[in-house]
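Beneath this line is the structure, given in structure tokens, with notes to follow.
The values are calculated or read from the model by the stated rules, or taken from the named source; none is laboratory data. Remember, predicted model here, so these are calculated numbers, not experimental data. Cβ sites come from the backbone with ideal geometry, for glycine too, and all protein chains shown count toward neighbours. Quick note on the areas: whole protein, heavy atoms, side chains included, nothing else; ligands and nucleic acids left out. Shrake-Rupley method; radii C 1.70, N 1.55, O 1.52, S 1.80 Å.
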Amino acid sequence: MSHEAPPVRVLLAEDQVLVRDSFKLLIDSTPGVVTVGEAGTGADAVVLARRLRPDVVLMDVRMPGMDGIEATGHICAHPDTAGVHVLILTTFDLDEYVYAALRAGASGFLLKSATAAELLAAIRVVASGEALLAPTVTRRLITEFLRSPERRPAARALDGITPREAEVLTLVGRGKSNAEIAEHLHLTVGTVKTHIGRLLMKLQARDRAQLVIAAYEAGLVTR
């Protein structure tokens, strides 16, 4: 007897009611995903995330009071919501927030110009524990990071990381997929997944997005 997987539970954090209603209509009319709450401010998003413990928070950056970046930090740092994944909604004019959001614990980014299909796919990817970093966003993140060295934190040590793991981490930082990393290093995809799993454990990283940050902070990504 087969059992259907429970739907992905989504909390919407968006201050524009019309936009929020559009997301809700799309999600609730799609099998396998469902909205469980709506927040119009970052502070409300934090409260509802702790109460509802959704799988994914679809988080706008610009909201009154506490913005989406600060709300993401509160959600990802609190033990009650450690398993909640945050998907940031962004536009190209908000690139300066990308690095801050990843450091705060965001699992990925979705451009507001995305299609309905891309939005639904992004929610599922993030809910599964994977990171969603579009190549365009990753490239812009690298550019921003390298352009503003004064904003970097102290270099991160990579104690206990093997040379092969460092190679994998470098490629993750450049936005490469598992398949691309496997091809580049002449490994199987399964072996790449094993290396990434060990990196997540050794670096105490939430997900792949956090590995990207680790690669930058360790100086592995230089161009």
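Multiplying the residue separation of Leu26 and Ala82 by 0.36 nm and subtracting their alpha-carbon distance yields 17.5 nm.
Nonpolar atom fraction for region 1-59, defined as the carbon and sulfur part of the 1.4 Å probe accessible area, stands at 58 percent.
Here's how it looks for Ala39: its modeled amide H is under 5 Å from those of Leu12, Ala13, Glu14, which are all 5 or more places away or on a different chain.
In a fully extended conformation the segment linking Arg62 and Asp159 would gain 31.2 nm over its present Cα-Cα distance, using 0.36 nm per residue.
Highest average first, the peptides 178-188, 205-215 ordered by how many other beta carbon atoms sit within 10 Å of their residues are 205-215, 178-188.
How much net charge surrounds Ala106 when only the other residues with a Cβ under 11 Å from the Cβ of Ala106 are counted, with Lys and Arg +1 and Asp and Glu -1?
+1
Remark on Thr90: its backbone amide H falls under 5 Å from those of Leu110, Leu111, Lys112, a criterion applied only to residues 5 or more positions apart or on other chains, H modelled at 1.01 Å from N.
Using a cut-off of 10 Å between beta-carbons, work out the net charge of the residues near Ala182 (Lys and Arg +1, Asp and Glu -1, Ala182 not included). Residues near Ala182 contribute 0 overall.
Out of the trypsin sites (Lys or Arg not before Pro) in region 161-191, which ones are loop residues according to DSSP with at most 13 other C-beta atoms within 10 Å? Taking region 161-191 and a limit of 13 other Cβ atoms within 10 Å, no loop trypsin sites (Lys or Arg not before Pro) are found.
Averaged per residue, region 1-81 has 51 square angstrom of accessible surface, using a 1.4 angstrom probe with ligands and nucleic acids left out.
By the Kirkwood approach, averaging reciprocal distances over each pair of separate Cα atoms, region 155-218 gets a hydrodynamic radius of 11.4 Å.
Evaluating 6.51 cos²θ - 1.76 cosθ + 1.60 at θ = phi - 60° for every residue in region 27-32, the Karplus couplings come out as 5, 6, 9, 10, x, x Hz, glycine and proline recorded as x. With K and R counted +1 and D and E -1, the other residues having a Cβ less than 12 Å from that of Ser128 yield a net charge of -1.
Across region 36-51, computed HN-Hα scalar couplings (Karplus, 6.51 cos²θ - 1.76 cosθ + 1.60, θ = phi - 60°) run 10, x, 9, 10, x, 9, x, 4, 5, 4, 5, 4, 5, 4, 6, 7 Hz from first to last residue, x flagging Gly and Pro. Given a 1.4 Å probe and the protein chains as shown, Asp44 ends up with an accessible area of around 80 Å².
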